[in-house]
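Structure first, commentary second.
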Amino acid sequence: GWCPLSPTGAQTTQLLVKPPWMPAVLWDQVTLTCQGLGTAGDTIWYKDGQRWGQNRHDHFTVAKSGTYTCERPSSGLSPPVRVVNDRVVLQVPARTLLEGDKVTLRCRV
């Protein structure tokens, strides 16, 4: 399912990634969804640090690798999500991890 990259309940913009693994892999047909205060039409997207396209929707399917963030004027900029197109990728769950947590790693080829 969906997985926020910030703690639940925080009044900050969150960027959710589906499937919920990091780094996200382009060939998984990754969907990014921006959640924050305001409406979907308030969403501003950035790719590799630059304002990106005219996409004013709160979600989209990624077509190119890069580092994505989104912004909602009332709740700020989200943490970044990196989408790669590498042939071999070691992934971790897309959730907040704390020291001592047990974690499942995935090696993707």
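The values are calculated or read from the model by the stated rules, or taken from the named source; none is laboratory data. Keep in mind that this is a model prediction, so the values were computed, not measured. Cβ placement follows ideal geometry from the backbone for every residue including glycine, while neighbour counts extend to all protein chains displayed. Ligands, DNA and RNA are stripped out before the accessible areas are found, and what is left, the full protein with its side chains, is counted by its heavy atoms. Shrake-Rupley method; radii C 1.70, N 1.55, O 1.52, S 1.80 Å.
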Computed FRET value (nearest 0.05) for His57 with Cys107, which takes r as the C-beta separation and R₀ as 41 Å: 0.80
Hypothetical label at Ile44: residues of region 10-26 whose amide nitrogen lies under 20 Å (7 Å Cα-Cβ projection): 11-16
Per residue solvent-accessible surface (Å²) - region 38-80, probe of 1.4 Å: 58 Å²
Protein accessible area in the chain, 1.4 Å probe - carbon and sulfur %: 53 percent
Within the chain, longest stretch free of exposed trypsin sites (Lys or Arg not before Pro) [DSSP loop, at most 10 other beta carbons within 10 Å]: 1-86
Solvent exposure ordering (accessible area, 1.4 Å, most first) of Cys34, Cys107: Cys107, Cys34
The chain, relative contact order [Cα under 8 Å, separation at least 6], %: 30 percent
Which labelled figure in (i) 14.2; (ii) 25.9; (iii) 16.2 is Kirkwood radius over Cα pairs in Å, once derived from the coordinates: (i)
